[in-house]
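Encoded as structure tokens, the structure appears first; notes follow it.
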Amino acid sequence: MTSDEFKLSLKTHQEKGFFKNLKIFRGIERESLRVTQEGKISQNNHPKNLGSPLTSKDITTDFAEALVELVTPTFESPKELFEHLALLHKFLYSHMGEEILWNFSMPCAFQSEQEIKIAEYGESNSGMLKHIYRKGLRLRYGSIMQCVSGIHYNFSLSKDSWNSLCDNPDQKFINNKYLETIRNIKRNFWFVLERLGASPIAHGSYLLNRKHSLAKHGQNDLFLPNATSLRMSDVGYQSNVQNALKINYNNLDEFIDAVIKGIKTPVENFEDIGLHDKHGVPQQISTGILQIENELYDTVRPKRSGPSGSRPATLLKNEGIEYLELRGIDINPFIPEGIDENKIKLLDIFIMHSLISKSPQVSEEEIEEIRTNQKTMVENGRSKDIKLKQNGISVPLAELKKSFHEELTQVATAMDEYCPGYSNALSAEMSVNVMPSEKIMNEMESQNLSFQEYGLIQSKKIAMKQTSSADEDFLKFIHNAEKSIKDLKNLNENPGIDINKYVELYNSKI
């Protein structure tokens, strides 16, 4: 049943004209491994015709040379965002030759870590810094964990959107609203894990030489019988050492201080690795809990864009929160783009619910409660009788779902005033009874396939749908790629100071 508190909050926002005057900006970053027709990680460099991964606006690389990341601009319309993402995929495929994208969050099978080439960004200081950061990640966590893929959903409201809630919405007001939204996103993240979780199983090589509590599935795979998203589990893209930071998102200055503390607090294991290799070449940016701000692994982060070389913590401190980056979204392997228009709208509704709902400050006890709920959902979210904690009380998931879905329905109706189609999208999404994580396991078992076999068949099926468009559709991407190559050339011709000094200088900025 919908709480009276939520009803009142929704009514207040409606009466103030919040939804009528709403303007949302949204963008997507989508990661995926390039693999061969045999399902092995590509040994080829990032295709040159896609542009420079350091300077391209459209397609870059994440940890590995074979781990592409498609980046969209922000759009006011979910439809336009999805159409741009779909076209970007077609452009990528037009330059991949025989290779395909591994359309899953958990990576393909590996023989050894040596197959994974760390991404290269040229000889400039900014390019070298990105490469050193990745060397540090490899030494800290291993290369295989870094090949997990996901979708980041970037969300913000126009400055004018806040006017109906406040006469003069300054940056402090905006910061607090975004922090309230983050706290609620984390409280209710079980919903995203249930609906969009799509990584219940992994090839055994994913956990090469790592301790884990997963069960064997067939000869080669590891899984948990009711898992939704191993990507977001303890064996996924996580770092338990970061728990010591106790980040609560109650206050922006406290958040920034915690991140800086993470960068400046050395960890014995990371100190043992050392800042330099035996040749004196940098192999980590720092020996702290975090090398840099972006090493903070969380389901959602406050962000502020800025020029290359600027420190994210400094940007946030000086200019405040610009947008939220929702990071805990698995790739849907049944969709070529990993996400579709209805799911984009579902995320809008979910975030908007978090934004308009009351959001008390988070205590240390609630930090643990949120962490426990996430662990429960990622490991056992498909079980029929699980319970999650709310204010210290165990509540059946079925009960939570019922009231939460009712509230989302009311939010969707209100958002139809901003842009028609949200109620229809929510209705379509909520009518899906078999979640992606369950569908993956059902299909693997009915076809008697291992994860590697199933992943390759499904990825090839998806690749077949990426029929090439006419070149004129790609003109903007081609122009951006060519410009990025020129920009890289200019950077490489002016490499700057010695890289060791550059790293020191970068660290001194925080």
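FYI, it's all coordinate maths here, none of it is from the lab. Since this is a predicted model, take the numbers as computed values, not measurements. Every residue, glycine among them, receives a Cβ derived from its backbone with ideal geometry; neighbour counts consider all protein chains shown.
Averaging the Cα positions of each part gives two centres, and for the stretch 165-215 and the stretch 478-510 these lie 32 Å apart. Specify the inter-centroid distance of the stretch 291-366 and the stretch 69-142, based on alpha-carbon positions, in whole Å. Distance between centres, Cα-based: 19 Å. Relative protection proxy for 90-101, 47-58, 328-339, 69-80, from highest mean packing down: 328-339, 47-58, 90-101, 69-80 (other beta-carbon atoms within 10 angstrom). Using a Förster distance of 30 angstrom, determine the FRET efficiency expected from the C-beta separation of Glu445 and Lys211, and round it to 0.05. That gives a FRET efficiency of 0.65.
Sorting Trp190, Trp162 on the 10 Å Cβ count, fewest up front, what's the list?
On the way: Trp190 23, Trp162 17.
Going from sparsest to densest Cβ surroundings: Trp162, Trp190.
For Thr61, the residues 5 or more places off, or on other chains, whose built amide H falls under 5 Å of its own are Glu69. A full extension of the chain between Met464 and Asn492 corresponds to an added length of 6.3 nm, given 0.36 nm per residue minus the alpha carbon distance. Each 5 Å bin from 0 upward holds the following percent of the Cα-Cα pairs of the stretch 367-510: 2, 7, 8, 8, 9, 10, 11, 11, 12, 12, 8, 3, 0. Considering the stretch 67-140 at the alpha-carbon level, its Rg and Dmax are found to be 15.9, 44 Å. Note on the stretch 20-130: Kirkwood hydrodynamic radius from all Cα pairs is 15.2 Å, rounded to one decimal.
Rounded if a/c is under 1.5, else prolate if a/b beats b/c, else oblate: with a ≥ b ≥ c from the C-alpha gyration tensor eigenvalues square-rooted, which is the chain?
Rounded.
Listed from fewest to most Cβ neighbours within 10 Å, the set Tyr133, Tyr206 follows the order Tyr133, Tyr206. Between Val395 and Ser363, the simple label model (points 7 Å from Cα in the Cβ direction) yields a spacing of 1.7 nm. When the Cα convex hull of the stretch 419-459 is projected onto planes of every orientation, the mean area is 3.9 nm².
Size of the stretch 362-452: Rg and Dmax of its alpha carbons, in Å, are 17.0, 48.
Please state, as a whole number in µm²/s, the translational diffusion coefficient that the Stokes-Einstein equation yields for the stretch 293-419 at 25 °C and 0.890 mPa s, with Rh defined as the Kirkwood radius across alpha carbon pairs. The estimated diffusion coefficient comes to 140 µm²/s.
Taking 0.36 nm per residue of sequence separation and removing the Cα-Cα distance, the Lys11/Asn168 pair yields an extension gain of 54.4 nm.
Under 26 Å Cα to Cα from Lys401, which lysines show up? Leave out anything in the same chain fewer than 8 places away. Straight-distance partners of Lys401: Lys7, Lys11, Lys177, Lys186, Lys343, Lys345, Lys358, Lys375, Lys384, Lys387, Lys389, Lys439.
Phi angles across the stretch 359-371 convert, under the Karplus curve 6.51 cos²θ - 1.76 cosθ + 1.60 with θ = phi - 60°, into 3J(HN,Hα) values of 9, x, 4, 9, 8, 4, 5, 6, 4, 5, 4, 4, 4 Hz, Gly and Pro given as x. Counting beta carbons within 10 Å around each of Ser286, Ser394, Ser149 and listing the fewest first gives the order Ser394, Ser286, Ser149.
Can you compute the helix-only [θ] at 222 nm over the chain? Use -39500 (n - 2.57) per DSSP H run of at least 4 residues, normalise by all residues, nearest 500 deg cm²/dmol. Could you put the intermediate results ahead of the total?
Details: 16 runs with 215 residues, N = 510.
Rounded to the nearest 500, the figure is -13500 deg cm²/dmol.
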